[in-house]
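Enquirer: Pasting a structure below so you can have a look.
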Amino acid sequence: MNRISHWIDGKVVESTSGRSGIVYNPATGEPQSTVDFASDAEVDCAVASARTAFGTWRSTNLSRRAEVMFHMRELVDANRKEIATLLSGEHGKVLSDALGEVARGLENIEFACGIPAMMKGGYSEQVAAGVDVYNIRQPLGVVAGITPFNFPAMVPMWMFANALVTGNTFVLKPSEKDPSAALFIAELLKQSGLPDGCFNVVMGDRTSVDRILAHPDVAAVSFVGSTPIARYVYETGTRNGKRVQALGGAKNHMLVLPDADLDQAADAAVSAAYGSAGERCMAVSVVLAMDTIADDLVAKIKDRIPNIKVGPASEPDNEMGPLITGEHRDKVVGYLAGAAGEGATVVVDGREGVPTEGFFVRPSLLDNVKPGMRCYDEEIFGPVLSVTRVSTYAEGLDLINRNEFGNGTAIFTRDGGVARRFQFEVNVGMVGINVPIPVPVAYYSFGGWKASLFGDQHMYGPEGVNFYTRSKVVTSRWPDPTTSRVDLGFPQNR
Ligand code: NAD
């Protein structure tokens, strides 16, 4: 079986920990690789490599660091298909979806190419006689990224592009479920001219995460994953004195008002609920349908479901692949099995007609779902769309605002006034107006509110640059005999 190992100091390093995991082919259900799990000593080795590389890398001039990202941009662009094929092979997402992931990741590398403009500080001349003040942004040192299974290429790109270009060195701990893209990215960064040690990958599970969180030489941690682990990473990392941004889970609601174009809303709900088999933190998982249009909307969504082509990524026509593991498939199926007993109406049951091999669940639709039901209260992270009926805009808004998560939301309406009111009133970090998956472009920043984000800074874009740098303010005076004298008073400007 193929063996997937660490990348430390510019080369593949096999683990001697004696611990490993299995990477499945989700389309067949068969194991295809083993992945090494790092020991504490192996994490230490990766951090030491990054620490050594930091001295030279942070002193490398800004244009040269940007130039490495320009090269990386070209290499990722040239290798879109190879990366996407790796993603499909381990994650299971269909090729068109995997290509979309690479494209959105690439945007972040492109943003990082413009770093010289983002690293400019401010300057105030003559704040006192002969005294100037300016601020500069400096890197933090060794920073770590811990990433989820659902975007094995894009989420690391959210992190390392800005982290590296601002002068930090990086240790990535990718998901153990689909780790190969991380190694491919490491190879491309090396080819881009990034010095050895600036980017390291440790494969592993909780043990390696815990070592990263405890390591005194790791200055900051970016995490993306489920809410319980995000909370744990944030609390542990900050307790250990690290800067942490930890993005968690989601339950994204799409509110459909009676004046919406219902065909457009149904297309959007189906695309956003079942794309990537619902394994997206920005997937729509609840449609809030106003009573007056709910029957029509449910019928339109139901009509579209049989047309979705479900199957392995190896067949180019397929639009939706399997779930990541058998365990996750069983969890998703459990929500479907329990829904009717809790009072929901199972309109389309995705347990029916699934391929005999692989971790497939077909698109599923539940109606009359209410708070208090497991399928409403918990993040399912699979191709299960719930419809909750509401009688007013205010009732819909209240449900969204009371939800523990606040990652993404959308409103579908033709009324600009209501849409604006929604954007003003809703307690969610990313809002779509007739856009079901409002993932911000790379020159904004990505992040939810409430239990979808722990920390102060959102990821990538300007907030990403802030996260990976710290500001230093310099107050300077150059010798000038005309203003020099002894003065024991507190420095004053006036
Ligand atoms: P996960 O929380 O299980 O794993 C994320 C990372 O944490 C992995 O690298 C994993 O190895 C590590 N990990 C797992 N258990 C751990 C533990 N007990 N202690 C320390 N580390 C641990 O998440 P996942 O299943 O890989 O990804 C799906 C989740 O990620 C969903 O909840 C989804 O909503 C969320 N997600 C959020 C965003 C966002 O931007 N908010 C984006 C993508 C995914």
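Enquirer: Identify the trypsin sites (Lys or Arg not before Pro) of the range 16-112 meeting these criteria: DSSP loop state and at most 16 other C-beta atoms within 10 Å of the C-beta. Walk me through the numbers before you get to the answer.
Expert: On the way: sites: ARG19, ARG51, ARG58, ARG64, ARG65, ARG73, ARG80, LYS81, LYS93, ARG104; in loops: ARG19, LYS93.
Within the range 16-112, the qualifying trypsin sites (Lys or Arg not before Pro) (loop, at most 16 other Cβ atoms within 10 Å) are ARG19.
Enquirer: Sticking with this one: For GLU30 and LYS309 in one chain, what is 0.36 nm times their gap in residues minus the Cα-Cα distance, to one decimal in nm? Don't jump to the answer; show the numbers that get you there.
Expert: On the way: separation 279, 0.36 × 279 = 100.44 nm, distance 2.19 nm.
Contour length minus the Cα-Cα distance gives 98.3 nm.
Enquirer: In the range 1-29, which residues have a backbone nitrogen under 13 Å from the label point lying 7 Å from THR207's Cα in the Cα-to-Cβ direction?
Expert: Under cut-off, by backbone N: 15-21.
Enquirer: Return the FRET efficiency for the residue pair VAL131, MET1: r is the Cβ-Cβ distance, R0 is 56 Å, and the value is rounded to the nearest 0.05.
Expert: Working: r = 66 Å, r/R0 = 1.18.
Approximately 0.25, to the nearest 0.05.
Enquirer: Please state, to two decimals, what the Cα-based radius of gyration of the range 253-293 comes to when divided by 2.2 N^0.38 Å (N = residues).
Expert: Values: Rg = 10.5 Å, N = 41, 2.2 N^0.38 = 9.0 Å.
Relative to the rule-of-thumb radius for its length, the range 253-293 sits at 1.16.
Enquirer: Still on this structure: Describe numerically, in nm with one decimal, the distance between label points set 7 Å from Cα along Cα→Cβ at ASP377 and at VAL474.
Expert: 5.7
Enquirer: For the range 252-433, what does the relative contact order come out to in percent, with C-alpha contacts under 8 Å and a separation of six or more? Display every interim value, and only then the final one.
Expert: Details: 343 pairs, mean separation 50.9, N = 182.
Normalised by residue count, the contact order of the range 252-433 is 28 percent.
Enquirer: On to the next question. Taking +1 at the Cβ of each Lys and Arg and -1 at the Cβ of each Asp and Glu, which of TYR460, SER476, GLN492 sits farthest along the dipole of the range 426-494 towards its positive end, judged by Cα position relative to the Cα centre?
Expert: The listed residue farthest towards the positive side: GLN492.
Enquirer: I've got another one for you. Please work out the ratio of the alpha-carbon Rg of the range 385-452 to 2.2 N^0.38 Å and round it to two decimals. The partial results should precede the final answer.
Expert: Numbers: Rg = 12.1 Å, N = 68, 2.2 N^0.38 = 10.9 Å.
So the Cα radius of gyration is 1.10 times the expected 2.2 N^0.38 Å.
Enquirer: Out of MET254, VAL201, ASN407, whose Cα points farthest toward the positive end of the dipole of the chain (charges: +1 Lys, Arg; -1 Asp, Glu; placed on Cβ)?
Expert: Of the options given, the answer is VAL201.
Enquirer: Would you mind getting me the FRET efficiency between VAL486 and ARG58? Use the beta-carbon distance for r and R0 = 41 Å, nearest 0.05. Let's see the in-between values first.
Expert: Values: r = 38 Å, r/R0 = 0.92.
For R0 = 41 Å, the calculated efficiency reads 0.60.
Enquirer: If the convex hull of the alpha-carbon atoms of the range 252-433 is projected onto planes in all directions, what is the mean projected area in square nanometres? Mind dumping the intermediate values first?
Expert: On the way: hull surface 39.1 nm².
If you wrap the Cα atoms of the range 252-433 in a convex hull and average its projections, you get 9.8 nm².
Enquirer: Hey, another quick one. Can you pull out the trypsin sites (Lys or Arg not before Pro) in the range 235-320 whose DSSP state is coil and whose Cβ has at most 14 other Cβ atoms within 10 Å?
Expert: Numbers: sites: ARG239, LYS242, ARG243, LYS251, ARG280, LYS300, LYS302, ARG304, LYS309; in loops: LYS242, LYS251, ARG280, LYS309.
Here the trypsin sites (Lys or Arg not before Pro) that fit, given the DSSP loop and packing criteria, are LYS309.
Enquirer: Sticking with this structure for a sec: Would you compute, from DSSP H runs of 4+ residues alone, the mean residue ellipticity of the chain at 222 nm, taking -39500 (n - 2.57) per run and dividing by the full residue count, rounded to the nearest 500?
Expert: -12000 deg cm²/dmol
Enquirer: Would you kindly state how much longer the chain becomes between SER96 and LYS81 on full extension, computed as 0.36 nm times their sequence separation minus their alpha carbon distance, in nm to one decimal? Mind showing how you got there, number by number?
Expert: On the way: separation 15, 0.36 × 15 = 5.40 nm, distance 0.98 nm.
Residue separation times 0.36 nm, minus the Cα-Cα distance, leaves 4.4 nm.
Enquirer: Follow-up. State to the nearest 20 debye the size of the charge dipole of the chain about its Cα centre, where the only charges are +1 on K and R beta carbons and -1 on D and E beta carbons. Working shown, then result.
Expert: Working: 46 positive and 57 negative charges, 314 e Å.
Computed charge dipole of the chain: roughly 1500 debye.
Enquirer: Further question: With only alpha-carbon pairs counted, each pair once and no self-pairs, how large is the Kirkwood hydrodynamic radius of the range 76-182 in angstroms? The partial results should precede the final answer.
Expert: Numbers: mean 1/r = 0.0637 Å⁻¹.
Radius from the Kirkwood sum: 15.7 Å.
Enquirer: With an 8 Å Cα cut-off and a minimum separation of 6 or more residues, compute the relative contact order for the chain in percent. If you can, show how the numbers build up before the last one.
Expert: Details: 1157 pairs, mean separation 90.4, N = 494.
Worked out over the chain, it gives 18 percent.
Enquirer: Ignoring solvent entirely, what values of log10 I(q)/I(0) come out of the Debye formula for the chain at 0.05, 0.11, 0.12 Å⁻¹ when each Cα is a single scatterer?
Expert: -0.21, -0.92, -1.06
Enquirer: Arrange the following residues from fewest to most other Cβ atoms within 10 Å of their Cβ: PHE149, PHE199.
Expert: Values: PHE149 20, PHE199 30.
The fewest-first ordering by Cβ neighbours comes to PHE149, PHE199.
Enquirer: Give me THR52, THR388 ranked fewest to most by other Cβ atoms within 10 Å of their Cβ, as a rough exposure proxy.
Expert: Neighbour counts put them in this order, fewest first: THR52, THR388.
Enquirer: Now a separate question. Pulled fully out, how much extra length does the chain show between ALA214 and GLN191, if you take 0.36 nm times their separation in residues and subtract their Cα-Cα distance? Mind showing how you got there, number by number?
Expert: On the way: separation 23, 0.36 × 23 = 8.28 nm, distance 3.15 nm.
Fully extending the segment from ALA214 to GLN191 adds 5.1 nm.
Enquirer: If we count other beta carbons within 10 Å of each Cβ, what is the order of ASP487, ASP377, fewest first?
Expert: Values: ASP487 8, ASP377 13.
Listing ASP487, ASP377 from fewest to most nearby Cβ atoms yields ASP487, ASP377.
Throughout, read-outs are computed from the coordinates displayed, never taken from laboratory work. Just so it is clear, the structure is predicted and the values come from calculations on it, not from any experiment. Note that each Cβ is placed from the backbone with ideal geometry, even for glycine, and that neighbours are counted across all protein chains shown.
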